[in-house]
Amino acid sequence: MLNLRLYYASTSLIGIVAVIIGLSYYSRHLALQTLVQHQTRANVDLTNSFANSIWSEFSNFVEDSYDLQDSESLRSRTELDYLQLITAQQMDHTNVVKVKIYNLDGLTVFSTDARQIGKNKHDNLGFQQAASGEVASEISFRNEFYAFENIIVDRNLISTYIPVKSKENNAIVAVFEVYSDVTPLIDDIDGTQLKIIAGVLLSLSALYCFLFLIVNRAHQVIQKQNEHRRVYEEKIRFQAYNDSLTGLPNRNQFTETMVQVLADARRARSTGAIMFLDLNRFKMVNDSLGHDAGDQLLRTTANRIQTCLHGDDVVYRLSGDEFIVVMQKLSHVDDAALLAKRIVKAMQAPVSLNNYAMTVNISIGITLFPREGLSVDELVKQADSAMYRAKRLGNDQYEFYSPEMSRLAGERLTMETELKTAINQEQFILYYQPKIDAATLEIAGVEALIRWEHPMRGIVPPDSFIPLLEETGLINTVGEWVLNTACHQAKIWNDLFDKPLRISVNISARQFSSRDLVSVVRNALVESELPPSCLELELTESMFVEDTEHAIHLMLELKDLGVSLSIDDFGSGYSSLGSLKNFPVDYLKIDRTFVNNIEDSQEDLSIITAITALARSLGLGLVAEGVEDEQQMQLLRVQGCDQFQGYFFSRPIPADEFLAKYIETPIEFRKAA
Ligand code: C2E
Ligand code: MG
Ligand code: MG
């Protein structure tokens, strides 16, 4: 916005400076012009009276000069001394400092400065003008000038060329040049000019200050008006986008914001939820207790909903007793169910209306977004219809729009509860899968793999519950159990087996970042009395990405316990090969997706070749997991893998089976393979 004060100050300052410069230039120019005119007149008068008095005697003096061509003869003429004398007398007490006489050829026949006699001025413009009958003057500044009797310095001079005419026929017979010293006059002009400029400057400054006061006032008034307008616009905007009763954003805001939210969710591929909330029996409250009570109930409802929200969640009041809550970036569908539960619970507390303690329930319908091809309006309709279903089902209900949504939300909630029961009721067991030495094809180690013995679903594989254990933090408890159990089991087998058998245990990212991993491992070793060299911890590349320094530090601490470390599923993560050399690990386990396709995919074979070379150069052992047939084994052997693990040798099996198969009567895979 234009700053009036600044604008005025800068433009007027420029104006004042321009006026002062223009004024000083123009006034000086005028003054000098007048001075020159004035002095020219004086010089002409002086010349005329001088010529009148001497011309009868000296007309021949000029005439004769046409015959004398060299300066010497001109300077040696006898009339010169006399001429000098009367010139000096005539010019005494005037400001004339030099007089020169030229013949019509431009030859200097006389000069009060005798050195100039004989010089030719024919080319001089002033001379030419005077020779043709005009008077010509010019003003100039001289540092040094030869005057009548002395040298004068730093002077302003006006020189005037004046034609001298014969009395008989009025013809021009000679040209006079008269120099007058106007220095004192110019000094006067300068002094006067300075005073004028100072006066003008003072007047302009006074005007400037006066106008500034007016502009400043105008500026303040405009600012105040702008501020009023901004506040007013904000108020109008607030009223347009907010509900005046509860202060919540209204339907307009919801419609506008949702378009963006939907687009963001599509771009980020995230899931959000729209919840439609409606008070039960609101009409009854309004009719029986009056509108004030109804308003009070709506305000309380808005407050209670707000206290249940987290992070980006926003509540809008659509109309009457209808509210909408929008949740963005749900990490799980059941987060919406959890919020609905919280709101339902918050609404169960009685509300005091007109001294009656009333309990008003709420019904909630939930739908998820983005859904292919569905607009905001259609999503709201879905949530609305889910809300009606909830209402029909009775008080304190929330419903998802589709059975699929409820299933998704319910499953995780159920699973979380079930996992807690599984921990309490010890439903987890370990399966074991052998690792085979590539050279001897004898058993070289064993990996402990967790299973969940679900009372209804049977054996559940780890991929379907480990992520949830991680999210809920339950993995720390379960992981500790796995470590203890695996170490105990390994100790038993080692006591029975004739060679040391190393057991591998998978460590999850959450365990790795927990503070007490080192002490948990140390504890498991101490309790089970398993030699640390018989324990290997399998880590994954993702654990080193965030804080490499810390990861290395932790790995070194684990190594200090005497255990081995390996990187599981190598090649599938984001490990920077550059920092791999800094990790104190002993083995790389090639991810089984590469092994899967080794026979058909040249790319996968190349990746394995590269990983092998890397392991060799860093002095690390190499394990190939997921070996399913002999051909794969042979190829991997050629590549130079140290150990194999996979269904070709054995699936993961329970401890007793493993004991019978590998410890009591060790199978020789050489025969099998
Ligand atoms: P992993 O550590 O990479 O374990 C190897 C997985 O590959 C195991 O799956 C194993 O059964 C499977 N496997 C072995 N050989 C073959 C084969 O020849 N073909 C095929 N298709 N698969 C093979 P499982 O037991 O289902 O374990 C899956 C993942 O769950 C494990 O991958 C590991 O990351 C995790 N996990 C298992 N137990 C634990 C545990 O106690 N703690 C933690 N934190 N994670 C565990
Ligand atoms: Mg593993
Ligand atoms: Mg693996």
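General remarks:
- Alpha-carbon centroid distance for the pair the range 25-88 / the range 418-453, whole angstrom: 132 Å
- Per DSSP, loop chymotrypsin sites (Phe, Trp or Tyr not before Pro) in the range 574-667 with at most 13 further Cβ within 10 Å: Y574, Y647
- Rounded if a/c under 1.5, otherwise prolate or oblate - the range 1-115, Cα gyration tensor axes: prolate
- Accessible surface of the chain [probe 1.4 Å, protein heavy atoms]: carbon and sulfur percent: 53 percent
- The residues of the chain expose, per residue, 52 Å² of accessible area to a 1.4 Å probe.
- Prolate/oblate/rounded label for the range 275-402 (Cα gyration tensor, a/c 1.5): prolate
- Distance between the 7 Å Cα→Cβ label points at V17 and A357: 8.1 nm.
- Listed values for the range 588-594 are Karplus-derived 3J(HN,Hα) couplings in whole Hz (6.51 cos²θ - 1.76 cosθ + 1.60, θ = phi - 60°), namely 10, 10, 5, 4, 6, 5, 6, and x replaces Gly and Pro.
- Shape call, the range 417-672: gyration tensor on alpha carbons, a/c limit 1.5: rounded
- If only the Cβ of Lys and Arg carry +1 and only the Cβ of Asp and Glu carry -1, the dipole of the chain around its Cα centre is close to 2360 debye.
- D_trans [Stokes-Einstein, Kirkwood Rh over alpha-carbon pairs] for the range 157-309, 4 °C, 1.567 mPa s, µm² s⁻¹: 50 µm²/s
- Net +/- balance of residues flanking K119 in space, Cβ distance below 14 Å, scoring K and R +1, D and E -1: -1
- Over 26 Å between alpha carbons, listed pairs K341/K381; K491/K581; K100/K195; K420/K661; K435/K559: K491/K581; K100/K195; K420/K661
- Selected from I450, C487, P461, residue furthest toward positive end of dipole (the range 430-523; charges at beta carbon): C487
- Once you reduce the range 229-252 and the range 302-368 to the center of their Cα atoms, the two points are 22 Å from each other.
- Measuring between their Cα centroids, the range 494-525 and the range 554-603 lie 17 Å from each other.
- Sequence-separation-based contact order of the range 1-115, relative, with Cα cut under 8 Å and 6+ spacing, percent: 18 percent
- Taking each residue as 0.36 nm, the span from N60 to R269 lengthens on full extension beyond its C-alpha to C-alpha distance by 63.4 nm.
- Using just its DSSP H runs of length 4 or more, each adding -39500 (n - 2.57), the chain gives a mean residue ellipticity at 222 nm of -17000 deg cm²/dmol after division by all residues.
- 3J(HN,Hα) from dihedral phi, the range 210-221, Karplus parametrisation 6.51/-1.76/1.60, rounded to Hz, x for glycine, proline: 4, 5, 4, 4, 5, 4, 4, 5, 4, 4, 5, 5
- Charge dipole of the range 4-189 about the Cα centre (unit charges at C-beta), most positive-ward option of Y66, V44, S27: S27
- Inter-label distance, H291 to A660: 8.3 nm, where each label sits 7 Å from its Cα along the C-beta direction.
- Here the chain carries DSSP beta bridges of which approximately 70% are antiparallel, counting only pairs with both residues inside.
The values are calculated or read from the model by the stated rules, or taken from the named source; none is laboratory data. Since we're looking at a predicted model, the values are computed, not measured. Glycine also receives a Cβ, built like all others from the backbone with ideal geometry; neighbour counts cover every protein chain displayed. All accessible areas refer to the heavy atoms of the entire protein, side chains included, with ligands and DNA or RNA removed. Shrake-Rupley method; radii C 1.70, N 1.55, O 1.52, S 1.80 Å.
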